[in-house]
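One structure is given here, and the rest of the page talks about it.
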Amino acid sequence: MVYPKYSFIVPIYNEEKTIPEMYRRISAVMEQLDDSVELILVNDGSRDSSLKLMRNLHQSDPRVCYLSLARNFGHQIAVTAGLNFARGQVIVILDADLQDPPELIPDMIQKWRQGYQVVYAVRTQRHKESWFKRFTAYLFYRLLKRLADVDIPNDSGDFCLLDRQVVDVLNSMPERNRYLRGLRSWVGFQQTFIRFEREPRFAGDVKYTFSKSLALAVNGLVSFSKLPLRISTYIGLLAALTAILMGFLVLYWRIFVPHSPLTGFTIILVAIFFIGAVQLLCVGILGEYVGRIYEEAKGRPLYTLGEVGGFSVTGKQLEAGFKSLSENPR
Ligand code: UDP
Ligand code: MG
């Protein structure tokens with residue numbers, strides 16, 4: 001069987017309003033390319049008519065394939081499912097809402113021809129995104145840069161091109177907490193970037209709610225840095241030092257300032273609250289890591305598949321999702 005040269009992966013969660021325009025713009029790009037393309041639409045448990053639209057596209061255009069996850073597993077897992085199934089030599093990941101302009105793909109492919117195996121897109125500007133989102137994103141990327149063990153580039157999203165070799169490595173990684181931007185940096189290889197201005201969403205609402213974005217951010221930090229654990233040790237040390245200092249202070253006041261109000265009830269209360277807060281914080285940080293160990297230890301499949309179109313998958317695979325990522329259907 002001949003496999004397409006290019007695979008485009010588009011995660012979709014309630015995007016019925018954007019799908020027709022997304023397909024129109026992506027297929028215009030597909031026409032320009034020198035070789036065969038497959039467009040993999042991954043339905044991440046949409047509750048609108050997205051899946052129906054995807055089925056129709058698959059019927060009318062054989063280049064379109066789709067995977068439908070059995071529920072909403074989140075953007076990163078949807079993309080992971082797409083990566084597991086992609087058959088091309090060159091794989092491109094882009095959002096359905098056209099915030100990642102498909103017209104950039106030929107430029108990315110150009111870079112790939114020059115020998116780069118990872119080409120990621122860096123946002124120079126974000127149009128019409130709330131100041132809150134821009135501000136928190138700005139802070140997060142800078143914080144991640146300081147804390148992470150690998151060099152994760154600032155303001156790079158999931159929009160990228162990956163060579164087959166890179167995707168094979170990503171697919172063989174068993175971890176469940178998939179912060180793809182981090183993993184993409186972690187694998188190494190020849191990497192480069194192109195810059196682009198992030199357009200406003202074409203239609204529909206933002207699917208990354210604040211809590212989803214926060215979860216992604218914590219995931220990124222915890223998956224790529226052990227520094228928070230160390231920070232909790234430092235805070236603990238600092239608290240111990242403060243306690244010793246306070247001990248001496250109280251002693252001093254007792255002896256030399258007999259009626260100081262600071263020696264009584266207040267200081268005890270403050271100290272109790274302070275120590276309590278420090279302990280809870282440290283347990284919380286520890287919990288983030290322990291929780292992840294628990295998640296990994298359970299070894300559940302990353303996702304379950306409800307339906308596929310355009311891929312040959314056995315019924316057993318459908319039932320089990322993909323337990324082992326190395327079971328690449330290629
Ligand atoms: N998405 C998804 N599952 C989710 C949330 C989002 O597959 O649980 C998809 C969504 O359909 C879109 C992409 O991920 O194609 C990015 O989502 P969105 O535009 O809402 O996020 P933002 O652009 O604000 O990062
Ligand atoms: Mg978007």
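The values are calculated or read from the model by the stated rules, or taken from the named source; none is laboratory data. Remember, it's a predicted structure, so these values are computed and weren't measured experimentally. Note that we place each Cβ from the backbone using ideal geometry, even for glycine, and neighbour counts take in every protein chain shown.
Just to be sure before I move on: is Lys207 charged (D, E, K, R), modelled with pLDDT under 85 and either within 12 Å of the chain's Cα centre (by Cα) or within 19 Å of Lys111 (Cβ to Cβ) (or both) in the structure I sent?
Against the criterion (charged (D, E, K, R), modelled with pLDDT under 85 and either within 12 Å of the chain's Cα centre (by Cα) or within 19 Å of Lys111 (Cβ to Cβ) (or both)), Lys207 does not qualify.
In the range 7-62, which residues are among the small types (Gly, Ala, Ser), in contact with a Gly (Cβ under 9 Å, 6 or more places away or on another chain) and more than 24 Å from Leu162 (Cα to Cα)?
Gly45
So which helices (runs of 4 or more DSSP H) stay within the range 131-199 end to end and still have 3 or more residues that are of a type in the set (Phe, Trp, Tyr)?
Of the helices (runs of 4 or more DSSP H) lying wholly inside the range 131-199, those with at least 3 residues that are of a type in the set (Phe, Trp, Tyr) span 131-147.
Looking at the range 1-32 only, could you name the residues that are of a type in the set (A, V, I, L, M), out of contact with any strand residue (DSSP E or B) (no Cβ under 6 Å at 6 or more places or on another chain) and not in a helix (DSSP H, G or I)?
Met1, Val2 - these are the residues of the range 1-32 that are of a type in the set (A, V, I, L, M), out of contact with any strand residue (DSSP E or B) (no Cβ under 6 Å at 6 or more places or on another chain) and not in a helix (DSSP H, G or I).
Name the single residue that is nearest to ligand 2 (Cβ to nearest atom) among those in the range 200-220 being surrounded by 13 or more Cβ atoms within 10 Å (Cβ to Cβ) and among the charged types (D, E, K, R). Let's see the steps before the verdict.
So in the range 200-220, the residues surrounded by 13 or more Cβ atoms within 10 Å (Cβ to Cβ) come out as 201-204, 206-208, 212-220.
Still in the list and also among the charged types (D, E, K, R): 201, 207, 212.
Values: Arg201: 5, Lys207: 7, Lys212: 12 Å.
In this case the residue turns out to be Arg201.
Does Ser68 count as closer than 24 Å to Phe311 by Cα and under 21 Å from the mean Cα position of the chain (by Cα)?
Judged against the criteria, Ser68 is a match.
Results for (1) surrounded by 11 or more Cβ atoms within 10 Å (Cβ to Cβ); (2) at pLDDT 80 or above; (3) not charged (D, E, K, R), shown as yes or no for each residue.
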{"site": "His259", "(1), (2), (3)": "no, no, yes"}
{"site": "Ile268", "(1), (2), (3)": "yes, no, yes"}
{"site": "Phe273", "(1), (2), (3)": "no, no, yes"}
{"site": "Ile285", "(1), (2), (3)": "yes, yes, yes"}
{"site": "Ala297", "(1), (2), (3)": "no, yes, yes"}
{"site": "Thr304", "(1), (2), (3)": "yes, yes, yes"}
{"site": "Gly321", "(1), (2), (3)": "yes, no, yes"}
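In the range 139-164, what count of residues is obtained for those that are touching a residue at least 12 places away in the same chain (Cβ under 8 Å), surrounded by fewer than 17 Cβ atoms within 10 Å (Cβ to Cβ) and within 16 Å of ligand 1 (Cβ to nearest atom)?
Step one: filter the range 139-164 for residues touching a residue at least 12 places away in the same chain (Cβ under 8 Å), giving 140-144, 147-164.
If we keep only those that are surrounded by fewer than 17 Cβ atoms within 10 Å (Cβ to Cβ) as well, we get 142-143, 149-151, 153-154.
Those left that are additionally within 16 Å of ligand 1 (Cβ to nearest atom): 154.
Qualifying residue count for the region: 1.
Quick check: anything in the range 229-249 surrounded by 16 or more Cβ atoms within 10 Å (Cβ to Cβ) and within 30 Å of Asn14 (Cβ to Cβ)?
no
Within the range 184-196, is there a residue that is surrounded by fewer than 20 Cβ atoms within 10 Å (Cβ to Cβ), closer than 29 Å to Ser130 by Cβ and within 16 Å of ligand 1 (Cβ to nearest atom)?
Within the range 184-196, one or more residues are surrounded by fewer than 20 Cβ atoms within 10 Å (Cβ to Cβ), closer than 29 Å to Ser130 by Cβ and within 16 Å of ligand 1 (Cβ to nearest atom).
With the requirement that a residue be more than 17 Å from Tyr116 (Cβ to Cβ) and not charged (D, E, K, R), what does the range 184-207 give you?
Scanning the range 184-207 gives Pro200, Phe202, Ala203, Gly204, Val206.
In this structure, is Arg230 more than 16 Å from ligand 2 (Cβ to nearest atom), assigned to a helix (DSSP H, G or I) and closer than 21 Å to Val150 by Cβ?
On the way: more than 16 Å from ligand 2 (Cβ to nearest atom): yes; assigned to a helix (DSSP H, G or I): yes; closer than 21 Å to Val150 by Cβ: yes.
So Arg230 fits the description; yes.
Of the residues Ala81, Ala28, Ala70, which is surrounded by fewer than 17 Cβ atoms within 10 Å (Cβ to Cβ), closer than 20 Å to Phe159 by Cβ, away from ligand 2 (no atom under 16 Å from the Cβ) and among the small types (Gly, Ala, Ser)? Break it down stepwise before answering.
Details: Ala81 fails: surrounded by fewer than 17 Cβ atoms within 10 Å (Cβ to Cβ); Ala70 fails: closer than 20 Å to Phe159 by Cβ.
Exactly one residue qualifies, and that residue is Ala28.
Looking at the range 168-178, can you tell me whether even one residue there is surrounded by fewer than 13 Cβ atoms within 10 Å (Cβ to Cβ) and among the acidic types (Asp, Glu)?
No, the range 168-178 has no match at all.
Could you tell me which residue of the range 84-124 is farthest from ligand 2 (Cβ to nearest atom), considering only residues that are of a type in the set (D, E, K, R) and within 21 Å of the chain's Cα centre (by Cα)?
Initial filter on the range 84-124 (of a type in the set (D, E, K, R)): 87, 95, 97, 100, 103, 107, 111, 113, 123.
Narrowing the set further to residues that are within 21 Å of the chain's Cα centre (by Cα) leaves 95, 97, 100, 123.
On the way: Asp95: 5, Asp97: 4, Asp100: 8, Arg123: 11 Å.
Filtering first and then ranking leaves Arg123.
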